[in-house]
1. From the Cα gyration tensor of segment 275-359, with a ≥ b ≥ c the square roots of its eigenvalues, which class applies: rounded if a/c is under 1.5, or else prolate if a/b is larger than b/c, or else oblate?
2. Please give me, ordered by residue number, the trypsin sites (Lys or Arg not before Pro) of segment 280-374 that lie in loop per DSSP and have at most 13 other Cβ atoms within 10 Å.
3. Restrict the search to segment 3-99; then list the GluC sites (Glu not before Pro) that DSSP places in a loop and that have at most 16 other Cβ atoms within 10 Å of their Cβ.
4. In vacuum, with every alpha carbon of the chain counted as one equal point scatterer, what does the Debye formula give for log10 I(q)/I(0) at q = 0.09, 0.11 Å⁻¹? Two decimals, please.
5. If you average the alpha carbon positions of segment 210-257 and of segment 284-353, how far apart do those two centres end up, in angstrom?
6. Taking all protein chains in place and a 1.4 Å probe, what share, in percent, of the accessible surface of segment 212-366 do carbon and sulfur account for?
7. Report the Rg/Rh value for segment 1-120, based on alpha-carbon coordinates and the Kirkwood definition of Rh.
8. Largest first and in whole Å, give the semi-axes of segment 140-277's equivalent ellipsoid, each being the square root of 5 times a Cα gyration tensor eigenvalue.
Amino acid sequence: MPGSLEPLDLGIQVPYHFRCPISLELMRDPVTVSTGQTYDRQSIESWVATGNTTCPVTRAPLSDFTLIPNHTLRRLIQEWCVANRSFGVERIPTPKQPAEPAVVRSLLNQASSVSNHPNVRLSALRRLRGLARDSEKNRTLISTHNVRGILVDIVFSGGASHAAELNHEAIAILTIFPLSESECLYVASDLDRVSYLVSLLFHSSIDVRVNSAALIEIVVSGTRSPELRAQICNADEIFEGIVGILSFPLAYPRALKVGIKGLFALCLVKQHRHKAVAAGAVEALIDRLADFEKCDSERALATVELLCRIPSGCEAFATHALTVPLLVKIILKISDRATEYAAGALLSLCSTSEQCQNDAVAAGVLTQLLLLVQSDCTERAKRKAQMLLKLLRDSWPEASIGNSDDFGCSDVVPF
């Protein structure tokens, strides 16, 4: 057997025994199986997951599927990587070992036992959160041990005030393991539980505030009953708390992501959208619109369109000087969904405000809409664009229409 193989992407030879026999790639987390052969953890786990019960090299049956970390080989690989840094080889990080089922059970038992000192329970939860953050495999393992039920009991057990930090830690872990429908119902059906989460939206710690907002969003999205969703949205100061998180400085980007998810979920309940407007959602959305990532931009624009469907929201957006220019600029810039929502919001605004019509024309909406109706965007977006073009027919400068080659070949019915 040769001592080395030709490299895959490097200008040097990679020692043969540093390569996984399955993938032939440099091993990052070498583990040894019951036959004594060593493989990269990801490769052998995939091999076993597809139903194989034999060792890939020896073809001998695997007496058990325990994977033992080969620390000696991993250190040798790391040393080789460091020695060959000049060739562009990056040192492989020391892998974090997957959680053991017995450890997970022990941590959950410690956390759930009310007879334990709060500090013991808190330490167990923190270790559990660390394991959950390490890998998807750990999260899958933890979720099989009724973690959500245990954590929900901790959060809403109504314990002593000194256990507040324990509750906060439990909420943080719950945001990693979204609740089932029955667990969402358990929270949503009790006003005291909802009020407790809302109160945390005003906590001095931004982490507590954001985790509470994330859990509220999970509960609202996971509750099927329109009546219960409306009941949550009617909780005192819930919109103020969510908008406050959305407006938090950008130094904490997770607040922006969680804030818009929470606001969108609440605004899906039509009868309480006016509360979002009263809480300052319009100003927050416009001020943050340029800061969102793609998926969050779509959600933000969907929220804008939802709020534009009620009189108070439409009026608030219309009076903000940046609303129309931003919406016009967004058309065809982010995604088909974003374009559709921006066009829908503009349609609502221009249907109620002549000033918005003039602002849209001044911002160049004519060109944007003509391009939109001829694009591969969604049919809904095109219909909204056509309706907006028809609405604005008296606002176009004559020179703009007369000189527009695009207008003559568009799908818009001649005026």
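The values are calculated or read from the model by the stated rules, or taken from the named source; none is laboratory data. Keep in mind the model is a prediction, meaning the values are calculated, not measured. Because the Cβ atoms are built from the backbone with ideal geometry, glycine has one as well, and the counts that use them run over all protein chains shown. Side chains are part of the model used for accessible areas, which takes the heavy atoms of the whole protein and leaves out ligands, DNA and RNA. Shrake-Rupley method; radii C 1.70, N 1.55, O 1.52, S 1.80 Å.
1. Oblate, since a/c reaches 1.5 and b/c is not below a/b.
2. Sites meeting the loop and neighbour criteria: Lys333.
3. Within segment 3-99, the qualifying GluC sites (Glu not before Pro) (loop, at most 16 other Cβ atoms within 10 Å) are Glu25, Glu90.
4. Results for the chain at q = 0.09, 0.11 Å⁻¹ read -0.79, -0.95.
5. Result: 20 Å between the Cα centres.
6. Exposed carbon and sulfur together represent 52 percent of the surface.
7. So for segment 1-120, dividing Rg by the Kirkwood Rh gives 1.12.
8. Details: eigenvalues 94, 65, 41 Å².
Gyration-tensor ellipsoid for segment 140-277: 22, 18, 14 Å.
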